[in-house]
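Okay, structure first, notes after.
Every number in this text was worked out from the coordinates using simple rules, so none of it is lab data. As the structure is a computational prediction, the values presented were derived from the model and not from experiment. Every residue, glycine as well, gets a Cβ built from its backbone with ideal geometry; the counts of neighbours run over all protein chains shown.
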Amino acid sequence: MESAEKRLLGGVFSKGGDFETGRMGKVTPELLGMLLDRHGAALVLYAQQWCNTPEDVVQEAFLALVRQAEPPENPAGWLYRVVRNTAIGASRSAGRRSRREAAVAHRGEPCFEPNPGDRLDALEAARALEQLPIHERETMVARLWGGLSFDEIAGLTNSSTSTVYRRYQQGLAALRERLNVKCPKKKTNLKT
């Protein structure tokens with residue numbers, strides 16, 4: 001079964017190119033548009049875990065994709081890895097410039113959009129997410145907003161799938177506790 005990304009990849013990249021180095025591949029606007037539509041917002045949210053310039057980091061990742069001579073096997077996973085590495089680098093740079101700026105830079109837009117009908121307060125939920133350890137927060141964002149599988153997150157973070165799953169479960173439990181939300185009960189169909 002071919003994904004839309006893989007179908008678009010056949011002929012999307014071509015060797016050569018006319019940029020200064022001659023190594024720049026060509027990416028169709030259709031592929032870039034599809035990747036941006038499907039993953040852009042989640043990539044920005046993902047980059048927010050490390051730096052205060054997530055939009056710049058995501059833009060750099062897409063530019064790096066355009067420069068690839070050969071297509072990555074999994075463009076979405078590749079983008080997440082590039083965003084993660086670039087965001088961590090940006091965070092380290094900001095830390096060297098000023099520890100105070102790094103502390104302030106971690107603040108940002110809430111990760112949840114407020115909706116008056118929701119049972120949770122979006123600002124309270126965003127604060128609870130920010131309080132999670134970085135590994136749990138990274139896993140939660142990649143899974144819930146990025147839609148990545150546990151295997152993809154494991155590859156991204158150089159962790160085992162079981163470690164990623166454990167972090168996800170710990171993150172959910174911590175969020176439920178901080179937000180005072182009980183775990184939904186599973187409906188069972190008992191035949192008597």
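Descriptive notes on the structure:
- Charge context of Thr161, other residues only, Cβ under 14 angstrom, K/R +1, D/E -1: +1
- Working from label points 7 Å from Cα in the Cα-to-Cβ sense, the Leu63 to Gln170 distance is 3.6 nm.
- Here the label points at Glu73 and Thr161, each 7 Å from Cα along the C-beta direction, are separated by 1.5 nm in the simple model.
- Surrounding net charge for Ile88, when Lys and Arg each add one and Asp and Glu each subtract one, Cβ distance under 15 Å: +2
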